[in-house]
Amino acid sequence: MKNWHLWKQRVSYGATDMAGNLIWQIVGLYLLFYYTTVLGISPAFVGTLFLVVRVIDAFDGMFFGFLIDHTHSKYGKSRPYFLWFGIPLGILTMLLFFNPSFGGSKVFQLAWISIVYTLFSLVYSGANTPITAILPALTNDPDEQTNLASARMVMTNIGTAVIGAISLPMVAKLGGGNSKLGWTVWAVIIGLVIMGLFTLAFWNLKENDSLAEEAEGADAPEIKGHLSVKDSLKGALHNKPWVVLSISFILLQTFWVIRMQTAVYYLTYVYRRADLVGAFNGLIIVAVIGNLSVPFLSKFLKHRNVMIVSMITFAIGEAIMPFGVVLLFTGTVIATVAMGAAFSIAFVMIADTVEYSRSELHIDEPGILSSVPIVGAKLGMGLGGALAGWILSWGGFEAAAKIQGAKAVMAISTSFIWLSVALAIAIVLILQFYKLDEKEVTSAVRAEAAKQAAAKDAKKVETD
């Protein structure tokens, strides 16, 4: 029965990020392509839109984290947000690919796209910030936290692999030759699935309020919570491992977004094998290998070193991709496995910084600290989308041209391969400043848990 409970919790927890990443994958892989080739919007405008929206809402994840830290409901702190924002996220998924012609008015069309994309981005934060914030409340066992983070990424990558592999065929089938209609119908289906997954998570996940109480023993220093915005941010900035991890996560998301958004261009215009796009994107499934390797690797390597090895492996995989179709697929398998490990360990490292804040700084603000993935995702999506759009414009990309010029081909290759490699290496250098020793933090957590258990047993004996 205990195993059933653990697996139900792992699957339900994974369902949250699977839901968010269904639309994340479509936006990352196809939204730039959809706007430029289906709707005929200039890549420069789309790139600028992505950046402007990211500037507007880059730190709304911290805002939602602050709300989570100050939320009191019978369902817990984080759990209600799966309904409050998960359902609207499904609706906005549908609207992203529903674009009226407005009588041929380009101005109204661009305004509609801008408004819907901005709302989508805001709601995405509200639905996804609690995914990381709820983790410390599900269990205080560090090993189970690693298992939950791995389960989260396994389900995420299964979902995104399916989306990457079948989206274009489904659009073609559902649209019957009308690409615009096909995208609209496909988005409706994905939106309904997103709503269902968030609802599943809401009903099955339970926050354990006693975990916070156990962390505050009679002899423990006072733990500060429910701080003001100013004090919350001040406390976060004093958490140096969190600051280093935040910068690394932003760069991680930036190059991953660039890579996702330019993959279809790379296959279509550099290799001239558009027929391989579905199979290529479907290889995201091998990220599961990286996800599953994290609990094993973390037993022998520090979490920081797992991330460093992942980044170096990713860079090697990317660097061999330009040298033929066989190495294109071999390289992407290597890079994708590495990214599976990188994202899994990143979420574990965030939980480490939350526990570090509680044990070393005596501050309990998991919502603010857990907003790192959303801040990173938003800035990464904005910077990545803007760079991809701008580089395409710089290269003279022409959506109507079946064969692109040499400068456009170089621009696509730069975005897809070499910019990603450069940012991965930058993360390796930045992580040299990440000094958190999670094994010491884990030992302190287990010692405190044992102390609390002994105190409870002694109290029970006295009562009896």
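The values are calculated or read from the model by the stated rules, or taken from the named source; none is laboratory data. Predicted model, so just to flag it, every value in this text is computed and none were measured. Virtual Cβ from ideal backbone geometry, glycine too; neighbours counted across all protein chains shown. Keep in mind that these areas ignore ligands, DNA and RNA; they rest on the heavy atoms of the full protein, side chains included. Shrake-Rupley method; radii C 1.70, N 1.55, O 1.52, S 1.80 Å.
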Meets criteria (farther than 26 Å from Arg259 by Cβ and either assigned to a loop (DSSP other than H, G, I, E, B) or touching a Phe, Trp or Tyr at 6+ places or on another chain (Cβ under 9 Å) (or both)) for Tyr13: no
Selected residue (only one of Thr332, Thr313 is under 30 Å from Ser413 (Cβ atoms), polar (S, T, N, Q) and out of contact with any Leu (no Cβ under 7 Å at 6 or more places or on another chain)): Thr313
Extreme residue, modelled with the highest pLDDT, among residues of the stretch 381-424 that are open to solvent by 50 Å² or more (accessible area, probe 1.4 Å) and within 20 Å of the chain's Cα centre (by Cα): Leu387
First in the stretch 152-163 and in contact (Cβ under 8 Å) with a residue 60 or more places away in the chain and in a helix (DSSP H, G or I), second anywhere and open to solvent by less than 10 Å² (accessible area, probe 1.4 Å) and of a type in the set (Phe, Trp, Tyr), Cβ under 9 Å, 6 or more apart: Arg152/Tyr13; Met155/Tyr13
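Condition check ((1) open to solvent by 10 Å² or more (accessible area, probe 1.4 Å); (2) of a type in the set (S, T, N, Q); (3) closer than 21 Å to Ile158 by Cα) across all residues:
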site	(1), (2), (3)
Met18	yes, no, yes
Val27	no, no, yes
Leu32	no, no, no
Leu39	yes, no, no
Leu92	yes, no, no
Residue among Ala201, Ala218, Ala212, Ala236 that alone is modelled with pLDDT under 75, farther than 23 Å from Gly317 by Cα, buried (at least 22 other Cβ atoms within 10 Å of the Cβ) and aliphatic (A, V, I, L, M): Ala236
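Here's the yes/no breakdown for (1) farther than 30 Å from Thr353 by Cβ; (2) assigned to a helix (DSSP H, G or I); (3) touching a helix residue (DSSP H, G or I) at 6+ places or on another chain (Cβ under 8 Å):
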position	(1), (2), (3)
Lys74	no, no, no
Thr93	yes, yes, yes
Asn99	yes, no, yes
Ser114	yes, yes, yes
Leu119	yes, yes, yes
Thr132	no, yes, yes
Pro136	no, yes, yes
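Here is a check on your reading of the model: is Lys173 among the charged types (D, E, K, R) and outside any helix (DSSP H, G or I)? Explain how you work it out, then say what you get.
Working: among the charged types (D, E, K, R): yes; outside any helix (DSSP H, G or I): no.
Considered against the rule, which asks whether it is among the charged types (D, E, K, R) and outside any helix (DSSP H, G or I), Lys173 comes out as no.
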Within the stretch 28-67, considering residues that are in a helix (DSSP H, G or I) and hydroxyl-bearing (Ser, Thr, Tyr), the one farthest from Ala274 (Cα to Cα): Thr48
Residue, most open to solvent (accessible area, probe 1.4 Å), within the stretch 311-334, restricted to residues that are within 16 Å of Ala424 (Cα to Cα) and free of Cβ contacts under 8 Å to residues at least 60 places away in the same chain: Ile316
Sole exception among (1) closer than 26 Å to Thr262 by Cα; (2) more than 17 Å from the chain's Cα centre (by Cα); (3) acidic (Asp, Glu) for Asp57, by number: (2)
Subset of the stretch 280-302 that is in a helix (DSSP H, G or I) and among the aromatic types (Phe, Trp, Tyr) - its residue that is most open to solvent (accessible area, probe 1.4 Å): Phe296
Every residue from the stretch 123-151 that is more than 18 Å from Asn208 (Cβ to Cβ) and either buried (at least 24 other Cβ atoms within 10 Å of the Cβ) or free of Cβ contacts under 8 Å to residues at least 60 places away in the same chain (or both): Val123, Tyr124, Ser125, Ala127, Asn128, Thr129, Ser150
Search result, residues across the stretch 172-191 that are open to solvent by 50 Å² or more (accessible area, probe 1.4 Å) and under 24 Å from the mean Cα position of the chain (by Cα): Val188, Ile189
Residue count, the stretch 261-279 (criterion: open to solvent by 10 Å² or more (accessible area, probe 1.4 Å) and in a helix (DSSP H, G or I)): 8
